[in-house]
4 protein chains.
Amino acid sequence: MIVVLEPGATESQVEHVIKILYEHGFDVHRSTGVRQTVLGAIGVRPDFDHRQIELIPGVAEVHRITDPYKLAARAFRREGSVFDIGGVKIGDKGVVVMAGPCAVESEEQINTIAARVAKSGARFLRGGAFKPRSSPYSFQGLGEEGLKFLRAAADAHQLKVVTEVMDRSQISLVEKYADVLQVGARNMQNFTFLKELGKASKPVLLKRGMAATIEEWLMSAEYILSGGNSQVILCERGIRTFETATRNTLDVSAIPVIKKKSHLPIIADPSHGIGIRDKVVPMARACIAAGADGVMIEVHHDPDHAKSDGAQSLYPDQFDVLMKEIHLIAQAIGRVIA
Amino acid sequence: MIVVLEPGATESQVEHVIKILYEHGFDVHRSTGVRQTVLGAIGVRPDFDHRQIELIPGVAEVHRITDPYKLAARAFRREGSVFDIGGVKIGDKGVVVMAGPCAVESEEQINTIAARVAKSGARFLRGGAFKPRSSPYSFQGLGEEGLKFLRAAADAHQLKVVTEVMDRSQISLVEKYADVLQVGARNMQNFTFLKELGKASKPVLLKRGMAATIEEWLMSAEYILSGGNSQVILCERGIRTFETATRNTLDVSAIPVIKKKSHLPIIADPSHGIGIRDKVVPMARACIAAGADGVMIEVHHDPDHAKSDGAQSLYPDQFDVLMKEIHLIAQAIGRVIA
Amino acid sequence: MIVVLEPGATESQVEHVIKILYEHGFDVHRSTGVRQTVLGAIGVRPDFDHRQIELIPGVAEVHRITDPYKLAARAFRREGSVFDIGGVKIGDKGVVVMAGPCAVESEEQINTIAARVAKSGARFLRGGAFKPRSSPYSFQGLGEEGLKFLRAAADAHQLKVVTEVMDRSQISLVEKYADVLQVGARNMQNFTFLKELGKASKPVLLKRGMAATIEEWLMSAEYILSGGNSQVILCERGIRTFETATRNTLDVSAIPVIKKKSHLPIIADPSHGIGIRDKVVPMARACIAAGADGVMIEVHHDPDHAKSDGAQSLYPDQFDVLMKEIHLIAQAIGRVIA
Amino acid sequence: MIVVLEPGATESQVEHVIKILYEHGFDVHRSTGVRQTVLGAIGVRPDFDHRQIELIPGVAEVHRITDPYKLAARAFRREGSVFDIGGVKIGDKGVVVMAGPCAVESEEQINTIAARVAKSGARFLRGGAFKPRSSPYSFQGLGEEGLKFLRAAADAHQLKVVTEVMDRSQISLVEKYADVLQVGARNMQNFTFLKELGKASKPVLLKRGMAATIEEWLMSAEYILSGGNSQVILCERGIRTFETATRNTLDVSAIPVIKKKSHLPIIADPSHGIGIRDKVVPMARACIAAGADGVMIEVHHDPDHAKSDGAQSLYPDQFDVLMKEIHLIAQAIGRVIA
C-alpha cells in the first residue's frame, strides 16, 4: 500500500499515519520529497481495507499494491496452464471449439446437433439442462434427463461435455455427466458456490460477470483455486455498457489482458455477448485473432423453433464456414485448431 | 410487439412476417403508411424472444410492448403497497430508517450499536452474520451465533431485524431470527434462490444488482412475487459506471422511476453505494429528498476497528445529526420519520 | 509516481528503472521490502506519461501521485470560492436557482417565463440562443436576436443571464449579453475553446461531459483557470450509464466529491440529466439535500408547444412548489435560498 | 412512432392522444387488442421529441421508428460506399493500413517513420500537427510546420496523409496538406464543426466519441453528409466502460453492426483504444478478422523518447510482423491488403 500525504500535511499528521500503519502490522518506508511525503506500507494482509487509511487527516491518496490474487496470477505459473481434459488440451497451441445449442430440448435435437458440430471440427458439446431465465414464465430446462441426453450425444460423436451448474446443490449431479462445469456470469460472485467448486473433481469454466472487472474475475478464479481445484478456464462473454445495438459489448481486449495477468486459459463466447446470429461469426473470428484459447458457439439445426436463444444460434452450415475461417486465422498467428 | 418493416420491404416479405407471427400465436394488426409498414402483434407470451422476428428478411426493427413484469407493476396496485412489519409500516407516509454495523462482530458490539441507533430514531437494526466477501481470505461472519446476538440486541431496544441471506439453504435459519430477509446485489439474478424466497414467510429486501437495469430489478421482484410472497422491498445501492471517485454511482433517480413503474416500496443504501463515510450523510439526505421510503445506514461505535467496511460506517454522533436533518427534509416534502 | 516492481524483479532490473527515472528528471526514493521493491519518483512533470515506465521489464504497476490539476484543487483555496455575479453570490451559504426555457423562442415567450421564475424566487434566467442539436434537421436557435430578448427579459425582472456559448468565435458576442457563459457537456474537452475561455471576462459555467470522470472535469476547469479566468462554476448534468429508464444518470454523489476535491462552486442541472418532467422535481430536491450550491431548472409556460425539450420543462406552478420545498431543504442543512 | 396505451386507458384518453398526434401532423393507425391499444403514428418529422407523447395521460410507452439518419443508412446505398483517395480505395475488398506516430515531432522523425511503414505496406501516413491534450501543460504539436513535414514525408514514400483538424478555423489550412481530415472523438458532436466539414473538399475520418452510441455516431456522419460531403469514413477507437485494465474498451462488435446499418467504410484504431503497446497487435488482428475496412496504427522508431503516447506506439519491427499476420487474416476471410 502506498500512502500519499497532502502537500500541506504537518509532521505530526505524518507521524500519526505511520503509527496507525504500524498498529495494523505494516512495515513503513518513508520518502520525503520537496512537495510531498509518500509512505510505502509493506505487509501481508491482502484483505486490508485501504479506505481506513484514506480517512486519516493529512492523507491525500492511498494505492493498493499487492495484487489481491496470487494463485491466478501469471507469476504463479509463468509458462501458462494447460489442462488435459480427456485428451483435449486447453491452453496449449491448439484452439478448442465448443459448440451446441443453448438448451438441450430432446434426445433427437441434441444428437442431431452433436453430429453436425463434431463433423465440422468441434471438440466439446455444449447445451444447458438447467436454464437461468430472467423471466419466471420461461422454459427452465430438462434437468437431469437433459444431462443424460447431452452425455450420450457427446459420447456418440467423440465430444467432451461442458454444461452449466447453477447452484451448490447441483454440483455432484452435474459432475456425473460433464467434463467441464460451467459457471454462469450471474454466479461469478456467488462466493459460497465458488468455494464448493474449489472442492469439485472437474475443471470449471468461469464466465465473466456482466459488470465484473478483470481483477474481480481473477479474484473469483482465486476462490476456486484456493479451494484446491487448480483447473479454471476463463470465459469472456460480454460486459454491460451504454451501447444498445448489441446485447452486451464483447470485451475482446480482455483476451490479451488476461494472457498478461494470468496463467489460466481464456476462451470467448460471442453468442451471448452479441445476441444476434449475423454478428456471431465475425466476433468469433476476432476472438481467435486476438489470441483466445478457444471459442464457445451456439449452433442449432432449427434455430427458428429453438426453445431458447434461437436468434443467436448459427445454422450448421454457417458454423462449418466459420470453422474453415478460424482454421486459417489460427495458422496466421502460429496456432492450430485442436 | 411492434414489427417495423424496412422502407423497401416487398408485399411478399410483409405477408411472410405476418404468417410467422400467426404461427407463434399472435393477433396481427397491419398499418401501411406511405413509406413503411408497421405490424402490431398482440399476444399473451411475455417470454417470446423478439430477436426471432428481427432476423426475418424485410424486418427493420422489433419493439417489445408488454412489460415483462405484471405483479410488480404500478398498474397492479395503483395506490402503492404498504407492509406492516411488526408495527413498523414501510411504503407509507413514514420514512423508515435502518441502521447498524456492516457485520455482527460480538454480542457487546451489536448491543452497543443497537442502543445508539435506537436512541437516534432508527426502527430497524441491520448487521450481517454471513458476509459475502470478494476475497477468500477475509472475515466471513459469525453465522448463527451472529443472528442470535442480532435478534437479542434488536429486542432489547425495540428494533426490527433486517439481515442478509446468502443462499437457498440459509432461508429457514435466517427466518427464525429476522423480520426482513435481505438479498444482496450479487444474488439479484440468482433465480433458483429467488424462487425459494417466493415461498418464504418473511418480507424480502431486494438489493439492485450492480449492473442491473431497473426493468431487470423489477423482473427479479416478479420472481419472488409470483412465488407467493407479496412483500418485496426494493433497495437501491449503486450501479457500476466509469466513475472511479466513488465505489459505485448511487442511482438516486431510480427512486422516482420506481415510484412511477411499481407499487413496491423503495429504500436506499448510500453506505455501500458511496463506500466512504464523509459522502454517506449528504447522499442519505438526497435519497430522502428524492422520495425514498427509507434509508439503510451503516453505523459503528468504533469504525476504526470494525472487522469490515469501517470506512463507510458513520460514528453514532454523525448518525444522530443525520436523523435530525432527514427529519426536516421529510417534513419539507410532506412526510415524517416513521 | 510510485513504481512497484514485480516480486521477482532482479537487482539489475531495479537499477535500470531507477536510471530511466533519473533521466526523466525524477528524484527517486527506494523502499525494499521482503517481497517487493517500491520506488517513489518525485518530480515536477504533471504531464509525464506513466505508461512509459509501465512497459519497462520488471515493473508491475505504476501509480501517478501528483494530481493533474492544481488551481482547481481544494488545497488551492481551502475555504471555497465565492463569486459575486452582479450581487448574486454563488458558492456561499445561499443556494442559487437558475431557471428558464431550453431555448429562447420569441421575445414574448422569454419575457413571460422570466416574469414567472423571478416571482418564484429564481435569480438567474437561462435559455439558449444557439442550440447544439444532435439532428441537423432540428431547430437551431434564434442567434443574436435570442440573446437580446434574453437580456431584456432578465433585466426587466432583475435576473442575471446564463446562456450557452458553442464555439470560440461566439465568445465575444455572448459576453455582451450574458453574465455567465455556459459551456455544454459536449464541449467539456474542446481544449482550444477552453483556452479562449481562460481569457474571457465573464464567469464560466462548465457542464460535465457525459462520459467524463470527475478528475477530467476538474482538469478542464484547470484549462480555463490557468488561462487567467478564475471564475469557474461546475455543473453536474448526468453521465451515461447502461440504465435506459432515464436519459442519463444524474451523478448526485459528484456534489460531495467535488466539495472535497475542489474549491469551485458546484450546481446541478436535473432537467437534462433526467429528461422527463415528472422526475425533475425530486431530483432537484435531492441535489440541494446533497449540498449543491445551486440548481438549473427548465421552466416553460407552454411546454407542449416548446420548440425543444418541452418534455423536460416544468410548468411554472410546479416550479413554484419546488421553490418552496427546496427552501425548507436548504434550511434543514443550514443553508438558505439566495 | 408507435404509441402504446396503458392497459386501462379510457376511450377518451385514446382519442385525446390521437387528436394530439394529428395536430403534430402524423397519420395515425389504430390497433385495438384485447388488453391494449396501440397507435402507429406515421409522419415526416425525424426530429419530433417523442417524450411529448410519453407524458400524455393514458400513454404507457412510445417507440420511435424512423431512423434519425437517412444518408448514412445502408438502405441509401445497399452495395456499400467505396472512396478512391488518390488511387487508394477504401471500403472495397482491400484492407487499408494507416500508420505513423502520434505527433509529428520533426522533419527527420516523420521521414524515418514514413520510410519504415511504407516499406511494411502501409498506404497512409498518420501524425498529428495539432494535439488536443487533456492537460494544458503538455506538448501541443508543431502546427503548420508539422503539416508540411508530414506531407513531404508522405510524398517521398508514396503515402497518403490523414491528420487531425481540431477546429472550424483550421479546415482550410489542413485541407492544403491532407488527403483525409481526421475528426477526433471529442469533436464527434461538435455540430457547428461538423456542418463546416460538410462543405470541405476532402474526405473525413470521423472517430467515434468515447460515450457515443452507434446511432449517435451515424447521426454525426449524417451532419457531414447532409452538408454535401459524401465521403465519410468511420473509425472505432474505444468506448468508456467500467473496466480500468485498458484505457478504453475497443468495441470490436461495432464493426459488424456498422456494416449492417450503414454503407460507410469503417476502420479501427486499436492504439488509442487500448493505450498500451503489447495489446495493440492482437487487437489490430481482431479488427481485421471482424471485417474492418482498415486499421490505423501508431508506429514510432524511438517510442521511449516520443513526445506523446510513446507507450502505445509499436516499434517498426512489430509493425512489420503485424502486417504479415493481417495479410493472412484478410485472406482467411476473402479479402486482401490494399
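The values are calculated or read from the model by the stated rules, or taken from the named source; none is laboratory data. This one's a predicted model, so the numbers in the text were calculated from it and none came from an experiment. Using ideal geometry, Cβ is built from the backbone for each residue, glycine included, and neighbour counts are taken over all protein chains shown. What goes into the accessible areas is simple: the full protein's heavy atoms, side chains included, and nothing from ligands, DNA or RNA. Shrake-Rupley method; radii C 1.70, N 1.55, O 1.52, S 1.80 Å.
General observations
- Looking across the range C:222-254, the residues that are among the hydrophobic types (A, V, I, L, M, F, W, C) and either within 7 Å of another protein chain (Cβ to nearest Cβ) or within 12 Å of B:ASP251 (Cα to Cα) (or both) come down to C:ILE239, C:PHE242, C:ALA245, C:LEU250, C:VAL252, C:ALA254.
- Within the range D:42-68, the only residue that satisfies the criterion of being more than 21 Å from B:ARG74 (Cβ to Cβ), at pLDDT below 80 and not in a loop (DSSP other than H, G, I, E, B) is D:ILE42.
- One residue alone among C:ALA118, C:ALA114 is assigned by TED's automatic domain parsing to the domain that holds C:ALA292 and buried (at least 23 other Cβ atoms within 10 Å of the Cβ), and that residue is C:ALA114.
- Note on the range C:1-28: residues that are over 27 Å from A:LYS70 (Cα atoms) and touching a strand residue (DSSP E or B) at 6+ places or on another chain (Cβ under 9 Å) total 6.
- Considering residues of the range D:154-172 that are in a strand (DSSP E or B), touching a helix residue (DSSP H, G or I) at 6+ places or on another chain (Cβ under 8 Å) and among the β-branched types (Val, Ile, Thr) only, the residue surrounded by the fewest Cβ atoms within 10 Å (Cβ to Cβ): D:THR163
- Meets criteria (acidic (Asp, Glu), away from chain A (no Cβ under 14 Å) and not in a loop (DSSP other than H, G, I, E, B)) for B:ASP320: yes
- Residue that is in contact (Cβ under 8 Å) with a residue 40 or more places away in the chain and of a type in the set (Lys, Arg), where the choices are C:LYS148, C:LYS160, C:LYS176: C:LYS160
- Per-region count, the range D:121-153, residues open to solvent by 50 Å² or more (accessible area, probe 1.4 Å) and either more than 14 Å from chain C (Cβ to nearest Cβ) or at pLDDT 95 or above (or both): 6
- Single residue of D:PRO256, D:PRO282 found to be open to solvent by 10 Å² or more (accessible area, probe 1.4 Å), under 28 Å from D:LYS70 (Cβ atoms), touching a Pro at 6+ places or on another chain (Cβ under 9 Å) and modelled with pLDDT of 90 or more: D:PRO256
- Screening the candidates D:ALA332, D:ALA311 for the property of being within 28 Å of A:MET323 (Cβ to Cβ) and either within 14 Å of chain C (Cβ to nearest Cβ) or in contact (Cβ under 8 Å) with a residue 12 or more places away in the chain (or both) yields one hit, D:ALA332.
- Unique residue being touching a Gly at 6+ places or on another chain (Cβ under 8 Å) and on the phi < 0 side of the Ramachandran plot when the list is A:GLU298, A:GLU325: A:GLU298
- Any hit, the range A:186-208, residues being small (Gly, Ala, Ser), modelled with pLDDT of 90 or more and crowded, with 22+ Cβ neighbours inside 10 Å: no
- Filter result for the condition that a residue is outside any strand (DSSP E or B), charged (D, E, K, R) and more than 29 Å from D:HIS263 (Cβ to Cβ), over D:GLU105, D:GLU196, D:GLU175: D:GLU105
- One residue from B:VAL17, B:VAL88 being within 30 Å of B:LEU264 (Cα to Cα), at pLDDT 90 or above and crowded, with 19+ Cβ neighbours inside 10 Å: B:VAL88
- All positions within the range A:214-252 that are β-branched (Val, Ile, Thr) and in contact with an Asp or Glu (Cβ under 6 Å, 6 or more places away or on another chain): A:ILE239, A:THR249
- Figure legend. Inter-residue proximity from the range D:280-297: first residues farther than 11 Å from D:ILE266 by Cα and more than 7 Å from chain A (Cβ to nearest Cβ), second residues assigned to a helix (DSSP H, G or I) and open to solvent by 10 Å² or more (accessible area, probe 1.4 Å), beta-carbon distance below 7 Å, spacing 6+ or different chains. Indicated pairs: D:VAL281/D:GLN318.
- Test: residue in the range D:232-246 that is of a type in the set (A, V, I, L, M, F, W, C), in contact (Cβ under 8 Å) with a residue 60 or more places away in the chain and in a helix (DSSP H, G or I): no
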